[in-house]
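I have placed the structure first, in the form of structure tokens, so that the comments after it can refer back to it.
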Amino acid sequence: WNYLIKNPSVVSMRIVVKDEMLIRGSTADSAPMIPPLQRIRPVSTLKEKFFSDPHMKEIVMIEGCLRRCDALDMKIIDGIAGGKSYETLADELFVSPGTIHYRASAIYRAAGVAGRSSYEDLLSRYIDSSVKISDFF
């Protein structure tokens with residue numbers, strides 16, 4: 001998170017951590033020590049800072065929304081981002097306008113926004129207008 005904040009040109013990264021569990025002879029047969037409840041500390045403040053950052057919240061919402069979408073939803077999102085009307089989208093995608101309305105409402109709910117204009121604003125803050133989202137899925 002800190003790396004991504006300090007390097008805005010990096011849009012994503014993958015970290016792989018290899019691990020290995022070594023069981024020592026002195027502890028192999030003993031039960032693990034569990035600290036008393038009063039000694040357990042809350043989750044690190046770094047994680048709290050990450051999820052309390054308003055930009056991170058929005059990005060996580062966009063990601064969650066896009067993960068739930070199928071190919072038709074992606075085309076609808078592209079059309080919405082391109083300013084097309086629901087009727088135009090329905091004609092282009094060979095579905096009814098009601099289908100577009102229903103799916104768009106589900107997309108807005110998944111992104112945590114109230115409607116089309118809020119969704120367009122959300123996308124415009126984080127996704128370049130020249131990008132077609134459906135090209136990535």
Open item on the list: Among the listed residues ALA81, ALA71, ALA104, ALA90, identify the single one that is in contact with a Lys or Arg (Cβ under 8 Å, 6 or more places away or on another chain) and not hydroxyl-bearing (Ser, Thr, Tyr).
Closed with: ALA104
Task: Test: ALA110 is in a helix (DSSP H, G or I), touching a Cys at 6+ places or on another chain (Cβ under 6 Å) and not charged (D, E, K, R) - done: yes
- [ ] Being open to solvent by 50 Å² or more (accessible area, probe 1.4 Å), farther than 13 Å from ILE76 by Cβ and touching a residue at least 40 places away in the same chain (Cβ under 8 Å) is the filter here, so list the residues in the stretch 87-123 that pass it.
- [x] GLY112
TODO: Check off (1) at pLDDT below 90; (2) among the acidic types (Asp, Glu); (3) surrounded by fewer than 13 Cβ atoms within 10 Å (Cβ to Cβ) for ASP70 and give me the number that stays unchecked.
DONE: (1)
Open item on the list: If I go through the stretch 87-137 residue by residue, how many of them are charged (D, E, K, R) and out of contact with any Asp or Glu (no Cβ under 9 Å at 6 or more places or on another chain)?
Closed with: 8
TODO: Tell me, please, whether a residue that is at pLDDT below 80 and small (Gly, Ala, Ser) can be found in the stretch 38-49.
DONE: yes
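The values are calculated or read from the model by the stated rules, or taken from the named source; none is laboratory data. Because the structure is predicted, anything quoted here is derived from the model rather than measured. Neighbour counts run over all protein chains shown; Cβ positions are idealised from the backbone, glycine included. All accessible areas refer to the heavy atoms of the entire protein, side chains included, with ligands and DNA or RNA removed. Shrake-Rupley method; radii C 1.70, N 1.55, O 1.52, S 1.80 Å.
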